[in-house]
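Accompanying notes for the structure given below.
The values are calculated or read from the model by the stated rules, or taken from the named source; none is laboratory data. Bear in mind the structure is a predicted one, so any value in this text is a computation, not a measurement. Please note: Cβ atoms are built from the backbone with ideal geometry, for glycine as well, and neighbour counts cover all protein chains shown.
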Amino acid sequence: MFSPDYVRLVLNDNFEDAKAMLLSPLMAVHHAHLAMLAAQQIVSREDARALRAALGAIDLEAVRGAKFDGSCEDLFFYVDRLVADSCGPDVAGRLHTARSRNDIDMTMYRMQVRVFVLDLTAAVLALRGSLIELAAHHRETVFPAHTHTQPAQPSTVAHYLLAVIEQLERDTGRLLAAYATVNRNPLGACAITGTGFPIDRVRTSQLLGFDGPTGNTYGSIATVDYLLEAASAAATAVVGAGRFVQDMLLWCTVEVGYLRLPDGFVQTSSIMPQKRNPVSLEHARSLASKAFAQLAGLATALHNTPFGDIVDSEDDVQPLVASGFRDAARSLELVAAAMAGADINVALMRQRATENWVSITELADTLARDRGLSFKTAHAIAASLVRAARARPGEPLSALFAGASRAAGHPLSMSDDELAQVLSPEHFVEIRRTPGGPSPEVTAEAIEVSRGALAEDSARLAARRRALAEAARQLRQVVAEI
């Protein structure tokens with residue numbers, strides 16, 4: 001019997017976690033391994049059918065409701081006992097031919113992680129779709145972009161959002177690459193050295209929806225890089241999304257006033273009736289931070305552990321894996337939903353884009369491009385104009401410009417209308433047609449590219465989900481035909 005303290009502090013919690021997360025993968029592994037053993041004639045047809053009946057007789061809901069009583073070590077042995085009760089210990093024992101809890105556990109973990117990766121990918125795609133539509137409506141909405149938290153240059157909302165969208169596109173690539181690493185089947189590695197039985201690892205891989213078996217049997221049960229790669233991709237996604245959310249919360253402040261969330265995503269105060277708190281984005285920020293901490297915690301937990309089969313990389317970290325990915329997906333889905341109906345204050349943004357001389361860079365560019373000045377000289381004239389305008393408010397800009405250019409040794413003239421055109425935020429963004437720039441023409445093309453990328457990535461995600469569903473269908477069919 002196990003120590004009551006060991007049961008209370010470890011085994012009970014691990015049993016509850018396994019029931020919640022790993023029962024379905026465990027049953028799939030049992031069925032796939034049984035089908036392979038039967039096909040390879042490692043077990044007789046009679047025994048295979050008895051095992052199939054025993055597995056089919058297990059009441060999964062009853063298992064999920066079972067309380068840990070210390071009579072078995074974990075969920076695997078609990079289910080193993082149910083199989084033995086149904087078909088007898090001798091026949092039941094044949095199911096465990098050519099496998100170990102080591103490779104069973106690693107197979108289940110990978111089956112879970114791949115689903116987590118796909119679910120998070122779906123959340124990333126949802127956010128991409130939401131932001132693409134918002135960008136499409138605001139290709140010409142100018143606002144002052146900031147650097148170092150200070151007004152810098154005019155841009156457009158579409159240009160800003162496309163920067164976030166492109167990052168999310170890279171997040172999608174990282175997650176799908178991680179899926180390819182995760183989706184390899186350790187089953188058949190047994191304890192650490194494989195087996196002398198003529199097993200078919202390719203077949204079990206097909207039946208469980210894997211792209212193929214893992215390689216080295218030692219590494220199959222010892223490596224955790226598949227998990228760290230997936231966690232790293234997820235952590236990168238929530239860090240990027242969290243930074244975007246931080247901006248949106250700033251935009252929601254009364255002092256900035258750029259963004260208004262739909263009524264369904266705000267809450268009021270119990271004491272201050274005027275409050276309109278953007279709590280949905282606050283929750284999203286908190287969930288992203290929480291997810292990052294959990295995902296980063298995996299690397300901490302696994303760092304400097306032995307290269308082998310150990311509980312440090314198994315039972316005790318699986319709840320952290322599940323909660324980290326779940327909170328990451330919740331965060332991104334929440335942002336996608338809140339931003340889908342967000343209202344942007346176009347007029348206020350445009351007004352702010354005309355303040356604080358944020359378009360003055362274009363005057364320097366114009367002087368260098370159209371008047372033949374070096375950019376350094378043009379920059380000095382533009383800076384001198386700003387200083388003069390602040391010192392002598394109300395004086396015509398044309399006169400201030402003439403004085404600034406004379407002082408620089410390059411006397412020039414520009415009318416007030418010419419200066420107003422050069423310094424308008426719309427002109428600033430329109431002339432910046434550099435690939436990736438804010439010109440509405442450029443952002444229109446970028447939005448269409450992002451729409452196409454979203455469609456392609458959505459199809460890739462759907463294909464992976466279909467492959468898993470088809471493998472599950474095949475597994476049911478093969479088991480039924482034993």
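Observations on the structure shown:
- Looking across the stretch 139-163, the residues that are surrounded by fewer than 21 Cβ atoms within 10 Å (Cβ to Cβ) and of a type outside the set (G, A, S) come down to E140, H146, T147, H148, T149, Q150, P151, Q153, Y160.
- Any hit, the stretch 129-146, residues being of a type in the set (K, R) and under 23 Å from M349 (Cβ atoms): yes
- Looking only at the stretch 83-107, and only at residues there that are among the β-branched types (V, I, T) and under 10 Å from P186 (Cα atoms), the one that is surrounded by the most Cβ atoms within 10 Å (Cβ to Cβ): T107
- Condition met for R110 (buried (at least 20 other Cβ atoms within 10 Å of the Cβ) and of a type in the set (K, R)): yes
- Checking each residue in the stretch 48-70 for being farther than 14 Å from L23 by Cβ and either touching a Lys or Arg at 6+ places or on another chain (Cβ under 7 Å) or in contact (Cβ under 8 Å) with a residue 12 or more places away in the chain (or both) picks out A48, R49, A50, L51, R52, A53, A54, A57, G70.
- Yes/no for S24 being surrounded by fewer than 16 Cβ atoms within 10 Å (Cβ to Cβ), among the hydroxyl-bearing types (S, T, Y) and outside any helix (DSSP H, G or I): no
- Subset of the stretch 233-246 that is touching a residue at least 60 places away in the same chain (Cβ under 8 Å) and not β-branched (V, I, T) - its residue that is surrounded by the fewest Cβ atoms within 10 Å (Cβ to Cβ): G240
- All conditions in (1) farther than 30 Å from A35 by Cα; (2) touching a helix residue (DSSP H, G or I) at 6+ places or on another chain (Cβ under 6 Å); (3) assigned to a helix (DSSP H, G or I) hold for V478, with the sole exception of (1).
- All of P396, P435 fail the test of being at negative phi, without any contact (Cβ under 8 Å) to a residue 60 or more places away in the chain and more than 41 Å from the chain's Cα centre (by Cα), apart from P396.
Let's see how each residue does on (1) surrounded by fewer than 19 Cβ atoms within 10 Å (Cβ to Cβ); (2) assigned to a helix (DSSP H, G or I); (3) under 17 Å from the mean Cα position of the chain (by Cα):
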{"position": "K275", "(1), (2), (3)": "yes, no, no"}
{"position": "Q294", "(1), (2), (3)": "no, yes, yes"}
{"position": "T305", "(1), (2), (3)": "yes, no, no"}
{"position": "D312", "(1), (2), (3)": "yes, yes, no"}
{"position": "P319", "(1), (2), (3)": "yes, yes, no"}
{"position": "A328", "(1), (2), (3)": "no, yes, yes"}
{"position": "L334", "(1), (2), (3)": "no, yes, yes"}
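- With respect to (1) touching a helix residue (DSSP H, G or I) at 6+ places or on another chain (Cβ under 6 Å); (2) closer than 30 Å to L131 by Cα, the lone exception for G264 is condition (1).
- Some residue of the stretch 256-271 being in the same structural domain as A178 (by TED's automatic domain parsing), modelled with pLDDT under 95 and of a type in the set (A, V, I, L, M): yes
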